[in-house]
Each structure stands twice: as C-alpha cells, then as structure tokens.
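Notes follow the structure.
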Amino acid sequence: MPALIDLRKRIRSVKNTQQITQAMKTVATAKLKKVQRTVIEARPYWHSYPNFLSEAAFWAARYEHPLLMKREEKRIEGVIITSDKGLCGAFNSNLLEKALSFFEEKAKQSDIRLVLIGKKAVTFFKKHPFPLDRTYSGKVEKLTPEELKDLAQFLLQLYTFSKTDGVYVVYNEFKSILSPRITIAKILPIEIPENKEAQERLTPDWEPEAGPIFNTLLPLYVENQISHSFFESSAAEHAARMMAMDNATQNAEDLISDLTLVLNKIRQASITKELLEIMTAVEALAKR
Amino acid sequence: MSINLPLSLQLRVITPRKLLVDRDVKAVFLPGLEGYIGVFPGHRPLLVALGKGAITYRLNQKEEKFSVEGGFAEILPEKVIVFTKLSKNEADRSNER
C-alpha cells in the first residue's frame with residue numbers, strides 16, 4: 001500500500017504540471033489568434049495571385065522565362081519547415097516522417113539537397129545523410145521578412161543558374177485548428193494553372209514589355225510563396241500546441257481525480273483501521 | 001465602339017498581408033515604371049508593372065491615397081486589380097491604427 005504522503009506529493013506534482021500546460025495553452029491560443037489573423041488576411045492574395053499569373057502567362061505564352069522552364073529533375077532542393085519548440089503533439093514528427101519518405105523516394109533518381117527551418121528538422125536530419133545548404137534553427141519565430149526574402153533569392157539563383165532542377169517545400173498548412181495538413185508544394189519551376197477566362201478577353205497591352213514584367217512577377221511569386229508557407233506553418237504550430245496542451249490539461253485532470261480517489265480510499269481505510277484498533281482496545285479493557 | 005461603358009471601376013488592392021481596398025471608384029492613378037497612369041472606367045486591358053509611388057483613387061467627392069513599393073496592376077474595363085506591397089512608413093502607420 002503506497003503511503004499517504006507519497007500520493008499527496010504525486011497529486012501536487014500533477015497539479016503543477018497541469019498549471020504549466022494550461023498556461024502554455026493560453027499562450028498558444030493568444031499567439032494563434034495573432035498569426036491566424038495574418039494568415040486569413042493574406043488569403044485574398046493567395047486566391048487571386050495564381051489566377052493573375054495564369055492570365056498573364058496565357059497572354060505571354062510565347063515568352064520563355066528561365067523560371068518557367070521544366071528540366072529533368074537531376075538535382076532537387078527541398079525546404080522543410082518545422083518549429084523550434086516541441087510540445088505540440090505530432091506536429092513535427094508527422095511532417096518529418098512524410099518529408100523523409102518523400103525525399104528518400106526522390107533520392108533514387110536525383111541528388112537531394114535540403115534547406116531546413118526549425119530546430120526540430122535540424123536535429124532530425126542529423127541522422128540522415130542529406131547534404132544541407134542552409135539551416136535556420138533557434139530563432140524560427142523571429143525570422144524577419146528580409147531573411148525569408150534572402151532565402152527566396154537563394155533558391156531563385158540556384159534555379160536560374162541550373163544548380164538545381166526543382167524546388168519543393170514541405171510544411172504544415174493551417175487547414176483548421178483541429179488538424180494541420182501536411183503539404184508538399186513544388187515552387188520551382190513555376191507551374192501555371194490553366195485559365196479559361198483569359199481566353200475570352202481582349203488581349204491586353206503590356207507596360208513595359210512582357211519580359212521585364214515577368215522578370216519581377218515570377219520572383220515575387222516565389223518569394224511570397226515561401227513567406228506564405230512559413231506563416232501557414234507557424235499558425236499550424238500554434239494550433240497544434242494549443243490542442244496538445246488542451247489534451248494534456250485534460251489528462252492531468254483525469255489523473256488527479258484518479259489519484260484523489262485512491263488517496264481517499266487509503267485515508268478512509270487507515271481511519272477505519274485506527275478506529276477498529278481503538279474499539280478492540282476498549283473492549284479488551286472493559287472485559288477485565 | 002461599345003456604348004455601354006461601365007460607370008465605375010471595381011478597385012481591389014491586395015498585399016500579401018491584407019486585402020487593402022475593395023470598393024467601387026471613379027478613377028485610379030497608379031505609379032507605373034514610366035510615369036503615372038490614370039485609369040478611368042472603360043480603360044482597355046493593360047498589364048502594368050508598378051514602381052515606388054502613391055496610388056490615388058477618386059471616390060465621388062474625395063480622393064484617397066497611400067504609398068506603395070512596386071507591384072503589378074491588371075487593368076480591365078470594369079476592374080483594376082493591384083498586387084503590391086505597402087511602403088515601410090505606410091505599413092507602420094496602418095499597424096498603429
């Protein structure tokens with residue numbers, strides 16, 4: 001029979017843990033609200049930009065831009081976005097598993113190089129033999145727009161100078177609070193969706209020529225896609241942490257009630273035992 | 001020449017951070033790379049790269065403007081879609097609001 005004092009200690013420590021998880025949940029909720037706002041406010045952009053791009057590309061069909069040219073995928077650059085901190089359920093592990101199997105499959109035909117964002121990805125890929133180009137670890141939450149832009153420039157250069165033949169981004173998309181969706185997106189070469197609407201319209205004028213327009217239009221698209229996946233991932237991270245901490249708080253609650261039940265049983269048993277002992281003693285004395 | 005020219009333009013200014021403007025306007029003035037472009041309803045289709053400068057749009061009586069750093073605009077007879085980035089000062093100011 002476990003001693004009362006041990007049980008009390010255990011209950012106290014579970015309660016402390018519960019307080020911590022609850023605080024973390026509150027923090028994650030607050031952060032999520034903030035990030036969620038940026039993600040949602042950015043949505044109009046994500047809905048209209050590809051459309052715009054496809055219209056532009058339709059009209060400029062004869063124009064061949066290096067970022068649109070498809071090549072055989074001999075070298076692939078992968079960008080994997082995870083979080084720095086844990087305690088967010090299967091958020092990172094699911095993503096990393098998926099990314100690993102995806103790139104191992106690709107590695108059969110091509111050379112893979114990786115860009116890792118987030119401490120979790122960095123520690124995970126220490127065990128796997130992929131060469132790394134860049135790693136961002138320990139300050140993911142504070143990545144500035146300039147740093148993201150710099151990363152985009154780096155990827156664009158790799159592609160234009162034929163150092164790589166395809167760029168994939170693996171990240172958690174913020175689908176809903178309950179479940180993130182693991183997304184593998186090919187960002188280079190840029191694939192332009194079909195656009196029927198454009199075919200019915202008048203041919204537009206260009207100012208300046210189509211060439212210079214595409215020279216800024218396409219890199220901007222890639223840049224934005226990278227920062228977009230980054231924001232999606234951070235929203236998904238906070239949502240995942242919120243859910244995980246909510247579960248943990250719930251579990252702690254269950255554990256506390258179980259332990260309290262055991263504690264009370266033992267306490268009552270010992271009281272009954274003590275009473276019995278006293279009674280027997282009284283009886284014995286009375287018989288004399 | 002078509003007679004039913006639209007009377008107003010639907011202006012949408014979209015930045016990666018936010019849908020900035022979505023309303024009907026009488027005219028828009030955009031900072032093109034080679035100078036300002038005035039757009040009135042019924043403009044012919046035009047794709048234009050934008051430089052640094054101010055976007056001004058005219059409502060019935062008043063005008064409103066804000067400054068941007070580059071981007072693109074797609075101009076159609078009844079619609080203007082602008083993809084752009086707010087200039088740094090402007091972004092700070094709209095954050096404060």
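We did not get these values from a lab; they are worked out from the coordinates using the rules stated. Please read all numbers here as calculations on a predicted model, not as lab measurements. Cβ: placed from backbone, ideal geometry, glycine included. Neighbour counts: every protein chain shown.
Checking the cross-link pairs A:Lys127/A:Lys149; A:Lys142/A:Lys175; B:Lys18/B:Lys62; A:Lys139/A:Lys175; A:Lys85/A:Lys142 against a 19 Å limit on the alpha carbon distance flags A:Lys127/A:Lys149; A:Lys142/A:Lys175; B:Lys18/B:Lys62; A:Lys139/A:Lys175 as lying beyond it. Shape verdict for region A:33-106, please, from the Cα gyration tensor: rounded (a/c under 1.5), prolate (a/b greater than b/c) or oblate. Taking the square roots of the gyration eigenvalues as a ≥ b ≥ c, region A:33-106 is oblate. For A:Lys119, a cut-off of 12 angstrom between C-alpha atoms picks up these aspartates and glutamates, skipping any fewer than 8 places away in its own chain: A:Asp84, A:Glu141. Under the simplified labelling scheme, the B:Glu34-A:Lys149 pair shows an inter-label distance of 2.7 nm, with each label point 7 Å from Cα along Cα→Cβ.
Karplus-based coupling profile of region A:183-191, in residue order and whole Hz: 10, 10, 10, 8, 9, 9, x, 6, 9, with θ = phi - 60° in 6.51 cos²θ - 1.76 cosθ + 1.60 and x standing for Gly or Pro. Annotation: amide H of B:Arg23 within the under-5 Å range of B:Leu11, sequence separation 5 or more or interchain, hydrogens built in the peptide plane.
What does a probe at B:Asp24 reach in region B:60-87, counting residues whose amide N is under 12 Å from the point 7 Å along Cα→Cβ? Within reach of a label on B:Asp24, which here means backbone N under 12 Å from a point 7 Å along Cα→Cβ, region B:60-87 contributes B:60. Per-residue extension of 0.36 nm, minus the Cα-Cα distance of A:Asp111 and A:Arg181, leaves a gain of 22.5 nm for this segment. Using the Cβ-Cβ distance between A:Asn51 and A:Lys139 with R0 set to 30 Å, the FRET efficiency from 1/(1 + (r/R0)^6) comes to roughly 0.30.
Remark: chain B is approximated by an ellipsoid whose semi-axes, taken from the C-alpha gyration tensor as √(5λ), come to 23, 15, 11 Å, largest first. Spacing of the modelled spin labels on A:Arg267 and A:Leu255, each 7 Å from Cα toward Cβ, amounts to 2.1 nm.
The string of couplings for region A:16-21 from the Karplus curve (6.51, -1.76, 1.60, θ = phi - 60°) is 4, 4, 4, 4, 5, 4 Hz, one whole number per residue in order, with x for Gly and Pro. Under 5 Å between amide hydrogens, built in the peptide plane, is the criterion, and for A:Ile182 it picks out A:Glu173 among residues at least 5 positions away or on other chains.
Annotation: aspartates and glutamates with alpha-carbon distance below 12 angstrom to B:Lys26 (same-chain offsets under eight excluded): B:Glu63, B:Glu64, B:Glu78. Cross-link partners of A:Lys15 among aspartates and glutamates, defined as those whose alpha carbon lies under 12 angstrom from its own and excluding same-chain residues fewer than eight positions apart: A:Glu253, A:Asp254.
When the Kirkwood hydrodynamic radius is evaluated over all pairs of different C-alpha atoms of chain A, what value in angstrom, to one decimal, is obtained? Before the final figure, lay out the partial values.
Values: mean 1/r = 0.0436 Å⁻¹.
Evaluated on chain A, it is 23.0 Å.
3J(HN,Hα) couplings calculated from phi for region B:78-88 with the Karplus curve 6.51 cos²θ - 1.76 cosθ + 1.60 (θ = phi - 60°) are, in sequence order, 10, 8, 10, 10, 10, 9, 7, 10, 5, 5, 4 Hz; Gly and Pro show x.
Using bins of 5 Å that start at zero, the share of Cα-Cα pairs per bin across region A:181-288 amounts to 2, 8, 8, 9, 9, 7, 7, 5, 5, 4, 4, 4, 4, 4, 3, 3, 3, 3, 2, 2, 2, 1, 1, 0, in whole %.
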